[in-house]
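One structure is given here, and the rest of the page talks about it.
The numbers here are math on the coordinates, done by the rules we state, and not lab data. Note that the structure is a prediction, hence the values are computed from the model and not measured. Here the Cβ positions follow ideal geometry from the backbone for every residue, glycine too, while neighbour counts run over all protein chains shown.
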Amino acid sequence: MVLHYVYLACLLISCVMAFVFRRDLKSRQLSLFPWYLLYVLLQEISVFILLRLYPDLSTGIIYNIYHPVSVLFFSTFYFSIPFNARSRPLILLLLAIFMLMVIITYLFLQPISIFNNYISLCTGFMITLCGLLFLFNYFKLDNPAEEKKWLPVIWITIGLVVFFPVVNISFALYKHLLAYQATIFGQKLYRLIPQLMSIFMYTCFARAFYLCQKKNLT
């Protein structure tokens, strides 16, 4: 329970910093991050309250909406970065395939009200791939000024490419972790891993927003 509060606090701090430094985020294509983080924050607070009031309530529909929204958001974000131009056709193709898969799944295969683990895994794969494409193009830059400018996005990307693969592994092993009630220090692993990784990711985000403000002052 304590760890969950820490996770929510990190998310809140990241969101607040995004709004405080929002004028400094535009030059790095980060201007929509405050609103995305606000959406995630309100979602997580709502889920937290609802589960306290109704412990047996299914939150499947909430996260089934969250996953395509996140893929669309981060795909658009990485698509907008100028030196990612060569990767844009691939990002668009993968986004189209992902969205088509989501539509087919929810219309014909499984109700949107039931959490879909495969959509979750594909979300992690899609966002991680976009982050890796950015890193590949970033390290091909031969311009110290540009490298310095886009350093905040490196922190965003580090958070994403660490968070999603680790969480995807825990999702893939969810049934086994649940069956064996695997724990560390009394904490269930299938809950502990996503919370720890979320704390790491939103700390990286907060660091990125701070760097945007710092870079713009120098």
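Each peptide in 126-132, 114-120 was scored by the mean count of other Cβ atoms within 10 Å over its residues; highest first, the order is 126-132, 114-120. Structure remark: mean-square fluctuation, Gaussian network model of the chain, C-alpha springs under 10 Å; the largest value among 29, 110, 43 belongs to 110.
Shown for the stretch 2-217: lysine pairs separated by 8 or more places, or found on different chains, whose C-alpha atoms are under 18 Å apart, numbering 11. A Cβ-based charge dipole, computed about the Cα centre of the chain with Lys and Arg at +1 and Asp and Glu at -1, lands at about 420 debye.
Computing FRET efficiency as 1/(1 + (r/R0)^6) for residue 140 and residue 19, where r is the C-beta to C-beta distance and R0 is 45 Å, gives about 0.85. Each 10 Å bin from 0 upward holds the following percent of the Cα-Cα pairs of the stretch 2-217: 8, 30, 37, 19, 5, 0. Springs join every pair of Cα atoms under 10 Å in this Gaussian network model of the chain, and among 152, 55, 194 the largest mean-square fluctuation is at 55. Note: relative contact order over the stretch 71-166, using C-alpha pairs below 8 Å and six or more positions apart, is 34 percent. Protection proxy ranking for 140-149, 153-162, using the average of other Cβ atoms within 10 Å per residue and placing the highest first: 153-162, 140-149. If R0 is taken as 30 Å, the Cβ-Cβ distance between residue 57 and residue 83 corresponds to a FRET efficiency of 0.10.
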